[in-house]
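I have placed the structure first, in the form of structure tokens, so that the comments after it can refer back to it.
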Amino acid sequence: MKKFLRKNAWNQEGTFDNPDLFWYAKAVAEMQSRKLDDPTSWWFFAAIHGENIAGDPSGIDWNTIKTPPNVPTSPVPSTSIKNKYWNQCQHQSWYFAPWHRGYLMALEIQIRAIVIELNGPDEWALPYWNYFGGDKENKIPPAFTQQFFDGNTPNPLFVTARYGPDNDGNIYVKLFKDGKPRVTQNCELKTVYTGNQNCFGGPETEFSHYGTLFPEESLETNPHNFVHNDVGGVAQGNEGIMSDPNTAALDPIFYLHHCNIDRMWASWNAKGNNNPSQTEWLGGPKEIGEREFVMPLVDGKEWIYTPNDVTNLDSLDYGYDNLETKTESDTVDNTSERLKKLGIPTLDHVQLTENTMDNNEKPTELVGANQGSFEIKNEITSTTVNLSDKGLKKVSKSFLKASAEEVPDRIYLVLENVKGNVNANTLEVSVNNQHVGFISLFGLRNASLGDSHGGRNGLSFSLDITNIIDELHLENDLENINSLNVAVTPDNEILSDTKITVGRISVYREKQ
């Protein structure tokens with residue numbers, strides 16, 4: 001049995017009767033009492049993930065955050081300390097999961113040391129918030145919503161700037177919208193870790209504090225990003241702190257959310273899926289001459305780690321009481337099911353590969369695009385994606401040649417260079433009046449205005465529309481169309497001072 005066992009935050013109804021939450025609150029209060037430049041303080045640890053003390057307009061200014069918490073912006077540590085520790089979080093990257101695992105481990109060590117000092121259990125471990133747990137567990141545990149801990153003592157887990165998915169202060173994860181799955185665990189069905197499409201872990205990158213590409217249904221894309229925005233939300237033009245990567249770790253619920261994300265990675269590995277084996281991943285960005293992953297420890301020392309150090313949960317000193325995950329679909333990425341639907345015979349002796357879309361290895365080609373950029377408005381914004389005859393003929397040819405050994409092309413809709421001055425919104429996308437998926441804009445403002453890896457190019461999102469193209473083929477309409485109608489609808493009202501634009505919507509074919 002693991003020495004430190006992470007358990008469900010909703011045990012004992014998610015109240016302070018749950019000893020994991022009780023001692024978490026006690027320790028958070030102690031960390032919050034320490035100064036910003038103290039590497040063991042709550043504020044320093046939040047800044048390791050990301051900070052905006054200078055008031056950069058690309059994010060929420062730490063100086064303007066509504067209390068509680070009462071966020072300090074001084075004393076600031078030396079430049080060398082900031083450059084070593086602060087603003088490390090990895091996003092839109094294959095480093096996303098391992099960096100956050102090490103970050104959680106370091107915070108957990110700090111918390112446990114305080115718990116022991118307070119005569120609490122020496123086996124304390126971070127709890128996880130499993131918003132997929134059924135019943136009411138998609139709601140934030142009650143321990144995070146009461147303003148007082150005991151009597152008149154302020155609750156250190158309570159945060160004012162949480163507004164929820166409906167922007168009314170009701171904090172929950174909106175798993176469905178109009179009966180359609182919105183926040184899912186379908187990433188668990190992926191069989192390949194790395195890729196620009198159809199992957200679990202994200203695209204291969206260098207050190208990536210901000211990236212540019214969100215593959216559909218990767219662990220980071222969904223559920224991670226959606227939960228951030230559902231908790232943060234926006235009210236009267238003010239975004240909740242969970243909605244911004246550079247303020248999110250100030251909210252104590254952040255770490256329980258990421259414990260669940262880490263649990264899902266562990267679950268994915270437990271199903272027999274493999275992490276990357278490339279030296280560039282195992283050794284981290286330091287392997288290619290970039291920043292290293294480093295955390296402060298309780299004794300004043302530092303812990304430099306790589307993905308290889310944290311990749312195998314069996315070799316670490318903690319585990320989870322439950323690795324069960326449930327998905328909304330049992331047929332995602334199922335090549336056999338697709339071939340049957342298309343009427344293509346499959347032979348029992350043919351080994352069908354499920355990792356049919358690791359497009360780090362498979363060629364992609366532009367099939368069509370709309371004409372120029374456009375702004376997302378309230379209600380529905382529509383645009384026409386014109387398809388090239390040459391590209392469409394190649395797609396059609398892939399159906400004619402289709403067999404169990406040569407699967408037809410997969411088709412992706414890509415929203416390119418999405419920019420905006422807001423993070424806390426979600427877009428619903430449809431093609432030819434058929435629902436395609438939802439997109440969370442978590443991190444959009446930073447990627448659009450900030451000093452990001454993407455050069456202020458915003459974010460790009462891919463959506464698999466293969467099923468729609470398959471239907472057109474079955475209806476004998478594929479060669480008769482020359483365009484697709486794409487509609488984009490925001491979840492939340494776009495206020496007068498808010499702007500969201502899409503640089504281009506394109507369609508790509510991926511040869512299988």
**Report entry** Top-ranked residue of the range 106-129 - restricted to ones that are in a helix (DSSP H, G or I) and of a type in the set (Gly, Ala, Ser), ranked as surrounded by the fewest Cβ atoms within 10 Å (Cβ to Cβ)
**Finding:** 113
Query raised in the report: Does residue 204 satisfy being in the same structural domain as residue 140 (by TED's automatic domain parsing), acidic (Asp, Glu) and closer than 25 Å to residue 286 by Cα?
Result: yes
Query raised in the report: So residue 257 fits all but one of (1) in contact with a helix residue (DSSP H, G or I) (Cβ under 9 Å, 6 or more places away or on another chain); (2) free of Cβ contacts under 8 Å to residues at least 60 places away in the same chain; what number is the exception?
Result: (2)
**Report entry** Odd one out for residue 136 among (1) crowded, with 17+ Cβ neighbours inside 10 Å; (2) assigned to a loop (DSSP other than H, G, I, E, B)
**Finding:** (1)
Query raised in the report: Can you tell which of 187, 199 is assigned to a loop (DSSP other than H, G, I, E, B) and hydrophobic (A, V, I, L, M, F, W, C)?
Result: 199
Report summary line: Reported set for the range 68-105 where residues are assigned to a loop (DSSP other than H, G, I, E, B), hydroxyl-bearing (Ser, Thr, Tyr) and under 17 Å from residue 296 (Cα atoms) is 78
Query raised in the report: For the range 416-512, list the strands (runs of 3 or more DSSP E) that sit wholly inside it and hold at least 1 residues that are farther than 29 Å from residue 394 by Cβ and outside the structural domain of residue 217 (by TED's automatic domain parsing); which are they?
Result: 426-431, 434-440, 483-490, 500-502
Query raised in the report: Restricting to the range 440-459, what's the tally of residues that are modelled with pLDDT of 90 or more and among the hydrophobic types (A, V, I, L, M, F, W, C)?
Result: 4
Query raised in the report: Under the condition of being crowded, with 17+ Cβ neighbours inside 10 Å and in contact with a strand residue (DSSP E or B) (Cβ under 9 Å, 6 or more places away or on another chain), which residue from the range 152-166 is farthest from residue 63 (Cα to Cα)?
Result: 165
Report summary line: Reported set for the range 1-48 where residues are among the small types (Gly, Ala, Ser), part of a loop (DSSP other than H, G, I, E, B) and within 24 Å of the chain's Cα centre (by Cα) is 9
**Report entry** All positions within the range 469-502 that are surrounded by 14 or more Cβ atoms within 10 Å (Cβ to Cβ), within 23 Å of residue 341 (Cβ to Cβ), out of contact with any Ser or Thr (no Cβ under 8 Å at 6 or more places or on another chain) and not hydrophobic (A, V, I, L, M, F, W, C)
**Finding:** 470, 471
Report task. With the checklist (1) surrounded by fewer than 16 Cβ atoms within 10 Å (Cβ to Cβ); (2) modelled with pLDDT under 95; (3) within 16 Å of residue 100 (Cβ to Cβ) in hand, flag the one item residue 313 doesn't pass. Result -> (1)
Query - Cβ pairs under 6 Å, 6+ apart, first in the range 59-82 and at pLDDT below 95, second assigned to a helix (DSSP H, G or I) - result: 59/446
Query raised in the report: Of these, 197, 236, which one is free of Cβ contacts under 8 Å to residues at least 12 places away in the same chain, more than 26 Å from residue 8 (Cβ to Cβ) and either assigned by TED's automatic domain parsing to the domain that holds residue 88 or surrounded by fewer than 23 Cβ atoms within 10 Å (Cβ to Cβ) (or both)?
Result: 236
Requested in this report: Test each condition in (1) buried (at least 18 other Cβ atoms within 10 Å of the Cβ); (2) over 25 Å from residue 54 (Cβ atoms); (3) among the charged types (D, E, K, R) for residue 251 and report the one that comes out false.
Outcome: (2)
Report summary line: Picked from the range 106-125 (must be more than 24 Å from the chain's Cα centre (by Cα) and of a type outside the set (A, V, I, L, M, F, W, C)), the residue nearest to residue 303 (Cα to Cα) is 110
Report task. Would you mention how many residues in the range 343-383 are at pLDDT 50 or above and either within 30 Å of residue 421 (Cα to Cα) or in contact with a helix residue (DSSP H, G or I) (Cβ under 6 Å, 6 or more places away or on another chain) (or both)? Result -> 19
Query raised in the report: Within the range 275-311, which residues are assigned to a loop (DSSP other than H, G, I, E, B), more than 21 Å from the chain's Cα centre (by Cα) and of a type in the set (S, T, N, Q)?
Result: 277, 278
Requested in this report: For residue 430, state whether it is among the hydroxyl-bearing types (Ser, Thr, Tyr), touching a helix residue (DSSP H, G or I) at 6+ places or on another chain (Cβ under 7 Å) and at pLDDT 95 or above.
Outcome: no
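The values are calculated or read from the model by the stated rules, or taken from the named source; none is laboratory data. Quick caveat, the model's predicted, so the values are computed rather than measured. So basically every Cβ, Gly included, is an ideal-geometry build from the backbone, and we count neighbours across all protein chains shown.
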